[in-house]
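Working notes for the structure below.
The values are calculated or read from the model by the stated rules, or taken from the named source; none is laboratory data. The structure displayed is predicted, hence computed values, not measured ones. All Cβ positions, glycine included, derive from the backbone under ideal geometry; neighbour counts span all protein chains shown. What goes into the accessible areas is simple: the full protein's heavy atoms, side chains included, and nothing from ligands, DNA or RNA. Shrake-Rupley method; radii C 1.70, N 1.55, O 1.52, S 1.80 Å.
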Amino acid sequence: MLTTMLTGAVPLQIELGASPLQVVWFCLIALLWTGFFFLEGFDFGVAMLYPVLGRDPGRRRVMINTIGPTWDGNEVWLLTAGGGMFAAFPGWYSTLFSALYLPLFLVLVGLIARGVSFEYRAKMPDDRWRDAFDACASIGSLVVSLVLGIGFANFVRGLPVAPDPTAFGSPNLFTGGFWSLFNPFGLLGGALFVLLFCTHGAVFLALKTYGEVRERAMALLRTLGPVTVAVLAAFVVIACTVHGAGRNPYLGTAAGVVVWVAGLGSVLALAVAVLAQRVERNGWAFLLTGATIVALFVMIFTRIYGTLGFVPADMGDPLTMVTASSSPHTLRLMTIFAACVVPVVLAYQIWSYWVFHRRISGRELPEHETEPNEVATTVWA
């Protein structure tokens with residue numbers, strides 16, 4: 001049961017009353033989104049860096065082959081996160097589509113463009129054909145990163161929603177307009193995601209390749225790294241002060257401390273990653289950029305715990321983890337299924353990364369792509 005206390009100087013305090021399974025599934029969805037951005041983040045970054053590091057077709061093929069074996073497996077995390085939201089919190093899922101229908105459509109278009117580019121770029125032995133599909137990968141990755149960054153920044157800020165009394169079941173609908181999403185903090189989040197994924201991708205290239213691609217990636221990081229640290233620090237400070245955990249009625253002082261610690265920890269991890277990259281500690285740098293993403297999303301999901309990133313636009317009942325949740329029986333069945341399937345998926349993905357763990361360069365690739373049916377992502381040596 002939700003109880004509300006509103007007084008002049010007393011902050012809003014609401015008892016969430018969430019069940020253990022509701023808390024578990026919120027945390028699991030947060031973990032799935034974090035895993036998606038950790039793994040797909042460097043995929044996005046590598047593709048966005050094609051025009052910078054891959055102007056030569058040979059270097060670009062090396063970049064493509066670093067992510068070719070795993071890009072589609074990484075997207076499984078996104079599908080699972082979306083499916084988990086739909087099944088565990090259908091109210092959350094439906095309200096998101098009312099608020100972010102066009103942005104989510106742009107994400108879908110970007111993901112389709114990426115997939116088509118990987119599968120079709122080597123279907124014809126023509127440089128213009130390949131360049132066109134490589135451009136699709138870069139643009140698609142940029143669109144997805146930018147839109148998701150704007151979306152998650154608006155979750156931290158809070159999306160205003162209100163029940164629609166004219167619709168069946170009075171579903172919650174977004175009361176703002178499309179352009180209201182492009183507020184300064186939302187744009188800062190979009191810029192952060194683009195820069196952070198490019199940095200993560202450049203570090204991955206330095207770890208996964210040797211030769212000219214690795215040298216160019218490390219040179220780029222000398223400039224890109226400090227800029228990303230500065231943007232991340234600005235995002236964290238604004239998120240923790242202007243849009244801090246103190247505004248969340250379901251969080252206490254300890255959670256506010258978690259938001260600050262996780263946010264500042266992400267900045268520290270990225271700064272150390274940049275320093276580690278300069279002394280050619282590529283493995284440590286990659287782990288630290290990954291830790292940056294993990295800490296950043298700990299901050300974000302701690303901030304939206306309970307509220308799911310929404311704020312009530314009127315004095316009606318707010319949309320929460322409890323009101324947006326599926327039935328207890330559904331959550332129990334989902335938990336049993338996830339316990340059986342998730343370990344298998346994790347084991348397979350770990351095995352695939354182990355198989356393709358070696359560094360590559362242009363020496364391992366054929367000099368010419370002469371067969372129309374040759375797919376670039378089939379050469380992994």
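General remarks:
- In degrees, nearest ten, helix 184-208 long axis to first principal axis of the chain (Cα): 40
- Amide H contacts for Leu173 (H built 1.01 Å from N in the peptide plane; partners 5 or more residues away or on another chain; cut-off under 5 Å): Ala162, Asp164.
- In the chain, the longest principal axis of the Cα atoms and the axis of helix 127-157 are about 20 degrees apart.
- Most fluctuating residue given options Pro163, Pro51, Pro20, as computed from a GNM of the chain linking Cα atoms under 10 Å: Pro20
- Here the accessible area is traced with a 1.4 Å probe on the protein chains. For the chain, carbon and sulfur cover 70 percent of it.
- The amide H of Ser19, built 1.01 Å from its N in the peptide plane, has no neighbour under 5 Å, considering only residues 5 or more places off or on other chains.
- Take 226-234, 264-272 and order them by the average number of nearby Cβ atoms within 10 Å per residue, most first; the result is 264-272, 226-234.
- Asp127 versus Ser327: modelled label distance in nm, points set 7 Å from Cα along the beta carbon direction: 6.3
- For the chain, the mean residue ellipticity at 222 nm estimated from helices alone is -23000 deg cm²/dmol, where every DSSP H run of n ≥ 4 contributes -39500 (n - 2.57) and the total is divided by all residues, rounded to the nearest 500.
- For the chain, share of DSSP beta bridges that run antiparallel, in % to the nearest 5: 55
- Applied to the range 103-108, the Karplus parametrisation 6.51 cos²θ - 1.76 cosθ + 1.60 on θ = phi - 60° returns per-residue 3J(HN,Hα) values of x, 5, 5, 5, 4, 4 Hz, with x for Gly and Pro.
- With 0.36 nm allotted per residue and the present C-alpha distance subtracted, the Ile112-Ala254 stretch has 47.0 nm of extension available.
- Leu148, Leu346, ranked by accessible area, largest first (probe 1.4 Å): Leu346, Leu148
- Evaluating 6.51 cos²θ - 1.76 cosθ + 1.60 at θ = phi - 60° for every residue in the range 64-70, the Karplus couplings come out as 4, 6, 6, 10, x, x, 10 Hz, glycine and proline recorded as x.
- Across the range 293-298, computed HN-Hα scalar couplings (Karplus, 6.51 cos²θ - 1.76 cosθ + 1.60, θ = phi - 60°) run 5, 4, 5, 4, 7, 4 Hz from first to last residue, x flagging Gly and Pro.
- Summarising the amide proton neighbourhood of Leu159: residues at separation of 5 or more, or on other chains, whose placed amide H is nearer than 5 Å comprise Phe310, Val311.
- Cα Rg, Dmax (largest Cα-Cα span) when computed across the chain, Å: 21.8, 75
- If you plug the beta carbon distance of Tyr353 and Glu212 into 1/(1 + (r/R0)^6) with R0 = 25 Å, you get a FRET efficiency near 0.55.
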